[in-house]
Each structure stands twice: as structure tokens, then as C-alpha cells.
Amino acid sequence: MKVLLIEDESAAARRLTKMLQEIAPEVEVIDCLDSIEHSLNWLVDNPAPDLILMDIHLADGSSFEIFQHVEVKSPVIFITAFDQYALQAFKVNAVDYLLKPIKREELEEALVRIQRWKKMEGINYERLAQTMQQGSWNKRFLIRLGQNFRVIELKETAYFYTENKITFLIARTGKRYPLDYSLEKLEEMLPDDQYFRINRQFIIGIEAIQEMYSVSKSRVKLRLNPPCDLDTIVSTERSPVFKKWLTGHE
């Protein structure tokens, strides 16, 4: 049985690998991944393993994000420290789980149960991910670049804009990344004390504003950092709210 580990703590990964090999010598741990980004790239580029053991909390976010971007065809045993509500969600969706710290006998029982499951098609991991993440956004973006993925933290983000019906994230480094979100959706997600929609085309971060110019009695033009070739003018209807937002009195 080929097993993929997704675990960001190297000591825990080594312990789990040793435990697996002691319980079932036929088990081959084919790889150990420590992040969402690495996991997505691996799952895109490799055949599905016989089993995935997956920690929920990884260095770059919740592993539930993985299921929103790739189809996971393998059975999954989650490693979790979640409360009873979360555990019930696993049961409803017929997914197995192990509580940390993992005990040898519990891992052995989980492997036996996995062997008994003949068909895993009924498990909707994407729905499970959505259930577990309700009401909590991790303040990071998952960017797909061809067959690869990149995680961008919100704190790395300067501003967003649309062009030719595509939404782009501009990082503080000046790099541009395409996003699957509309500006309307971003407005709902972003902290409103840090980001403001200045017009139909732009949402800007307060730290991206380098200079401001008055272009009319009611309109303000912004110079952004990183620079932008497009006009960044606060719309007439948004200008009064924008001025209040700048001082934290929106």
C-alpha cells in the first residue's frame, strides 16, 4: 500500500512513518509534504496513492483548502485536534480521523477500516472542506499558475484590480497573479479597515497608497506602490466614504 503523508512537523512525520512500518511492513510511504502548496503540486503531478494521512493544520493554512482546488481520489485519514462538532462532521461524511497524539492501536484500527472500504467515491471532500471552514477565512490566497500553485498571504498583498474580465492580485513585490474571485467577493472577504474599493475596477490596501492628488472638487487620484499603469482615481460617489476610511471613521 502506497501512503502519502501530509504533515508539517518533521518529528511527527518521522514518528508516524515508523509507526506505519511497524504496523504494516507492506506500507510504503512514498512522500511527506509539509504545505498546501507542495501538496497541490504533488497531487497534480503524481498518480493517486492508496491512502493519504493528512494533518489539518499546515504551515501555510488549513489542509481543507486542498480539496477546493484538486480532486482527491484517495481515501484520507485526517489527523486532527478538532472538537466534537468537527469530529461529527467527519463521521457524517464517512471520513476517518485520528486525534493527536496518535496512538499505535488507533492507527492500526484506522488502517483496518480503510482496507474494508471498497468504494470511496461517495465521500465529498470538497463539501467537507466547506463545512469545516464556514465562518473562518484564513487570510491567504491560493494562486494557480498553470499546473503549479502558490500561496500568497494577505499581508503580502498591495491591491487588486480587474482587466479584461480577469481579477488580479498585485503583491507588494510588484508581481501580478490572477485570482478566481470577483471584486465583489473580495469586498466581502477583505478586512474593511485595511482595504477599500475606490471604483469599479480597483480595491486598494491602505499601505499601497504612496501619494494622493486632488483632480477635481470631489475626486482623488492615487499613486500606488507598487506602481500601476492604469488610472487609480477614487470615483465621485466613493470619495466622501474614502476620506472617512483614511482616518478610520468609515
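Key figures
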quantity: Residue match in the stretch 191-209 (condition: within 14 Å of Arg238 (Cα to Cα), surrounded by 13 or more Cβ atoms within 10 Å (Cβ to Cβ), free of Cβ contacts under 8 Å to residues at least 40 places away in the same chain and out of contact with any Lys or Arg (no Cβ under 8 Å at 6 or more places or on another chain)); calculated: yes
quantity: Selection count where residues are free of Cβ contacts under 8 Å to residues at least 40 places away in the same chain and surrounded by 13 or more Cβ atoms within 10 Å (Cβ to Cβ), scope the stretch 219-231; calculated: 5
quantity: Qualifying positions in the stretch 56-66 - in contact with an Asp or Glu (Cβ under 7 Å, 6 or more places away or on another chain) and closer than 22 Å to Leu107 by Cα; calculated: Leu58, Ser63
quantity: Pick from the stretch 1-55, criterion outside any strand (DSSP E or B) and touching a Ser or Thr at 6+ places or on another chain (Cβ under 6 Å), ranking: farthest from Glu109 (Cα to Cα); calculated: Ala48
quantity: Which numbered condition Ser239 misses (of (1) farther than 28 Å from Gly146 by Cβ; (2) touching a helix residue (DSSP H, G or I) at 6+ places or on another chain (Cβ under 8 Å); (3) surrounded by 15 or more Cβ atoms within 10 Å (Cβ to Cβ)); calculated: (2)
quantity: Inter-residue pairs, beta-carbon under 6 Å, first at negative phi and in the stretch 96-109, second part of a helix (DSSP H, G or I) and β-branched (Val, Ile, Thr), 6+ apart; calculated: Glu108/Ile23
quantity: Residue check for Met189: at pLDDT 90 or above and either in contact with a Phe, Trp or Tyr (Cβ under 9 Å, 6 or more places away or on another chain) or of a type outside the set (Asp, Glu) (or both); calculated: no
quantity: Subset of the stretch 36-68 (residues that are buried (at least 19 other Cβ atoms within 10 Å of the Cβ), touching a strand residue (DSSP E or B) at 6+ places or on another chain (Cβ under 7 Å) and more than 21 Å from Leu99 (Cα to Cα)); calculated: Glu37, Ser39, Leu40, Pro49
quantity: Count - residues of the stretch 13-26 that are hydrophobic (A, V, I, L, M, F, W, C) and in contact with a Lys or Arg (Cβ under 8 Å, 6 or more places away or on another chain); calculated: 2
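Each row is one residue, and each column tells you yes or no for (1) within 23 Å of the chain's Cα centre (by Cα); (2) within 19 Å of Arg140 (Cβ to Cβ); (3) not polar (S, T, N, Q).
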{"site": "Glu153", "(1), (2), (3)": "yes, yes, yes"}
{"site": "Leu183", "(1), (2), (3)": "yes, yes, yes"}
{"site": "Ala208", "(1), (2), (3)": "no, yes, yes"}
{"site": "Ser216", "(1), (2), (3)": "no, no, no"}
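Results for (1) more than 20 Å from Gly61 (Cβ to Cβ); (2) modelled with pLDDT under 90; (3) in contact with a Cys (Cβ under 7 Å, 6 or more places away or on another chain), shown as yes or no for each residue.
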| site | (1), (2), (3) |
| --- | --- |
| Gly146 | yes, yes, no |
| Phe149 | no, yes, no |
| Ile152 | no, yes, no |
| Thr157 | no, no, no |
| Glu163 | yes, no, no |
| Leu169 | no, no, no |
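The values are calculated or read from the model by the stated rules, or taken from the named source; none is laboratory data. Keep in mind it's a predicted model, so treat the numbers as computed, not measured. When we count neighbours, we look across all protein chains shown, and the Cβ atoms used for this are built from the backbone with ideal geometry, even at glycine.
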